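Enquirer: Below you'll find the structure I mean.
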There are 2 protein chains.
Amino acid sequence: MIALGIDPGTATLGFGVVSLESNRLRLLDAGVVRTRTSETDAQRLAELETALYSLVAQHHPDRVAVERLFCQRNVQTAMAVGQARAVALLVAAHHALPVDEPTPNEVKQAVCGNGAADKQQVATMVQRLLSVTLTGAADDATDALAAAIGCLYRAAAQPASVEPAARAWR
Amino acid sequence: MIALGIDPGTATLGFGVVSLESNRLRLLDAGVVRTRTSETDAQRLAELETALYSLVAQHHPDRVAVERLFCQRNVQTAMAVGQARAVALLVAAHHALPVDEPTPNEVKQAVCGNGAADKQQVATMVQRLLSVTLTGAADDATDALAAAIGCLYRAAAQPASVEPAARAWR
C-alpha cells in the first residue's frame, strides 16, 4: 500500500510518499513544492495542483493523508492553508482516492507513540521508521512523511472489510 | 462582458452571473450551491467544483470575481472559506479567466458608493442596478452579484490596453 502525505501551504507544500509492504515502510519520494509570491493565488494553486497530479501519476498512491490543522496562529495563515488543503482534497477526489485527515496529535501518536512529541522527535522517528537519513529536509517534507506513515499504520490496522451480506450467512 | 461573482464557503457558496453591454447591467443567473455536512470535505469541494464548471460552461464569463475576506471570525471559518476560495481560483485558472479579488469595502464602494454600506444597502443597490426584485435571495447570492457588478465596473473603467510599442510612436 502506498500513501501520499501532504503538509498543505500555498507558499510551501510538503509531500511525502511512503509504501508499506510486508510490514516494512519504504520512502519513495519526499520534498516541497514552492510557489512565488509574485504570482496570483490562482496561479500558485494551479501549480500546486499540477505538482500533485504528477506525484499521483508517478507513484499511484492508494491513499492520501492531509494533516488537519487546528492551531493556526491567525486567520490569514488559516486561509492560505485552507486553500492549499483544498487543492490536495480535490486532486484526491479526482482520482477517487480515500483521504485521511489526521490531527497533528494523531500523527505524532502514530510515529512517536506520543501525541505531544516535538518536531525533533517526529523527524528522528520518521528517519528511523524509514531507515533513511534526511539531511537538510524541510520540516514540511518531514511532516508530510509523518502523515503518510500514520495513514499507512491506520489503514493496516483496520480489519479487511467483509461484505455485510456475506457476513449475515455465517 | 460577463462576470461570474463568487461568495466562497464550503457549506454554502453563492454565485451571481452578470453581463455589462452598452453600459447596461443584466442579471443572467444567481443562486447558491449547498453541500452536505455528512460528506467529506473532498466530496464537498468536488461538488462545488462541478457546479462552478457548469456555470462557466453555461455562461462563458470573461472574468471571475472572488471576494477577498479579511475579517473572518475564527480560524475554522477562515479555513473553510479558504478551501472554497481555492476551488473558485482553480476553476478560473483552468479556464484562463482573469480573477478579480476585491475587498468587501471595494465591493460596497462599487455598488453603493460607500465602502461602509450595510448588507441591506448592498441588497437594495444590487436589485436597483440589475432592475430586478430578488425575493428570498440568499445573502450569499446577493454578495456574489455585488462582486460581479463591481468587477464589471472596474473592468469597464480601465482604458482599453494599448500596445506599448504602438504608443511610443504617438
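Enquirer: Taking A:Leu55 as the residue in question, decide whether it is in contact (Cβ under 8 Å) with a residue 12 or more places away in the chain, more than 8 Å from every other protein chain (Cβ to nearest Cβ), within 14 Å of the chain's Cα centre (by Cα) and assigned to a helix (DSSP H, G or I).
Expert: Judged against the criteria, A:Leu55 is a match.
Enquirer: Looking at B:Leu134, B:Leu69, B:Leu97, can you tell me which residue is surrounded by fewer than 20 Cβ atoms within 10 Å (Cβ to Cβ), in a loop (DSSP other than H, G, I, E, B) and within 8 Å of chain A (Cβ to nearest Cβ)?
Expert: B:Leu69
Enquirer: For B:Val87, all conditions in the list (1) farther than 23 Å from A:Ala96 by Cβ; (2) modelled with pLDDT of 95 or more; (3) not aromatic (Phe, Trp, Tyr) hold save one; what is the number of the exception?
Expert: (1)
Enquirer: Residue by residue through the stretch A:124-154, note down the ones that are of a type in the set (A, V, I, L, M) and touching an Asp or Glu at 6+ places or on another chain (Cβ under 8 Å).
Expert: Across the stretch A:124-154, the qualifying residues are A:Ala141, A:Ala144, A:Ala147.
Enquirer: Run down A:Val32, A:Val91 and say which single residue is touching a Phe, Trp or Tyr at 6+ places or on another chain (Cβ under 9 Å), part of a helix (DSSP H, G or I) and of a type in the set (Val, Ile, Thr).
Expert: Going through A:Val32, A:Val91 in turn, the sole match is A:Val91.
Enquirer: Exactly one of these conditions fails for A:Gln109: (1) surrounded by 15 or more Cβ atoms within 10 Å (Cβ to Cβ); (2) within 14 Å of chain B (Cβ to nearest Cβ). Give me its number.
Expert: (2)
Enquirer: What's the total number of residues in the stretch B:88-127 that are closer than 12 Å to B:Leu145 by Cα and of a type in the set (Lys, Arg)?
Expert: 1
The values are calculated or read from the model by the stated rules, or taken from the named source; none is laboratory data. None of the values given here were measured: they were computed from a predicted structure. Note that each Cβ is placed from the backbone with ideal geometry, even for glycine, and that neighbours are counted across all protein chains shown.
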